[in-house]
Amino acid sequence: MNTLPNSKFFDKKSVDITEMLFKIIFLIYAALSYCSVTYGHAVISVLMWITAALGAIVLLQRIVLYKEHKGMPMILPCIAIILCMGVSILVNFSYDLKLNIVLLGYFAFYLFICFTHNQNKTAEKLKSEMHFYSWVFIIYTTIAIISSFVVMFAGFSSIRHVNADNFEVVTGFKFGRLWGIFLGPNGGAIVSLVSIAMMFGFILKNKKFLFRFLLSVNIILHMLYITFSDSRTALVCIMAVPVLTALIYAMGSDKQKKLRFVKPVLVSILATVLCVTFVYS
């Protein structure tokens with residue numbers, strides 16, 4: 001790995017540490033920013049500045065070590081997206097300039113830190129990282145859903161207004177839908193569905209009965225949240241996600257049989273029907 005002379009700041013260990021710290025803090029920031037309990041509190045601003053600082057450091061490291069990232073697929077479209085956003089901000093600078101700049105910065109983080117990676121990383125290293133962050137996501141989502149049900153069964157619900165624009169923050173069961181501790185029932189349902197897709201992936205790869213049983217129970221818990229959220233957005237996603245997951249699984253399969261797509265697609269269709277029946281019956 002190419003590094004700057006006499007600088008540990010750009011060696012492999014330092015880069016890996018800053019990237020890991022950024023991604024963890026970024027996940028925490030995103031989670032708490034969409035939590036009705038923490039939204040509007042000072043902790044969000046603190047996490048925002050920490051995330052921005054770590055993100056800037058990682059981007060600096062990647063700019064200096066650009067040779068190790070320039071061969072990444074889709075890097076040019078990522079650059080094009082940022083340039084288009086920059087032009088749009090300049091043309092519309094009189095419309096919420098601060099928010100647009102913040103969004104530009106976070107899009108840069110998404111595209112150049114989370115979406116891309118060092119091309120020298122092995123497939124096993126990337127899989128290991130994906131598993132780690134997937135478990136972080138699943139654990140947080142599970143805690144949030146359990147907390148949402150606790151709030152609902154306790155009969156608690158509230159509406160508060162925060163920030164200068166009096167943004168309405170709902171907690172608990174309100175308007176016939178389970179918001180829980182998410183800022184919105186649609187967002188909470190989509191987060192639950194993403195977590196379900198991750199757990200299905202782990203179930204397919206692990207043959208231990210206890211592991212599969214616990215994840216299956218957790219999937220049912222997530223589906224119950226989707227049910228009480230009454231989210232039509234989640235319904236659309238339920239129809240699409242299993243089929244797409246099956247196609248990706250089939251394309252990545254080592255089997256060379258011509259009909260390797262048939263089994264996963266049929267299973268995904270069955271899973272879709274069962275999910276829709278369970279959630280919306």
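Along the axis of the charge dipole computed for segment 61-162 (Cβ charges of +1 for Lys and Arg, -1 for Asp and Glu, origin at the Cα centre), the listed residues Leu65, Thr122, Phe132 are led at the positive end by Leu65. Placing Cys84, Cys78 in order of accessible area, with the largest value first and a 1.4 Å probe, yields Cys84, Cys78.
Excluding ligands, DNA and RNA, the accessible surface per residue across segment 99-186 is 55 Å² with a 1.4 Å probe. Net charge of the neighbourhood of Phe22, taken over other residues with C-beta under 14 Å away and scored Lys/Arg +1, Asp/Glu -1, is -1. Pairs spanning more than 23 Å between alpha-carbon atoms, out of Lys127/Lys208; Lys70/Lys98; Lys23/Lys207: Lys70/Lys98; Lys23/Lys207.
The values are calculated or read from the model by the stated rules, or taken from the named source; none is laboratory data. Keep in mind it's a predicted model, so treat the numbers as computed, not measured. Counting neighbours? That spans all protein chains shown, and the Cβs are built from the backbone with ideal geometry, glycine included. The accessibility values were calculated without ligands, DNA or RNA, using every heavy atom of the protein model including side chains. Shrake-Rupley method; radii C 1.70, N 1.55, O 1.52, S 1.80 Å.
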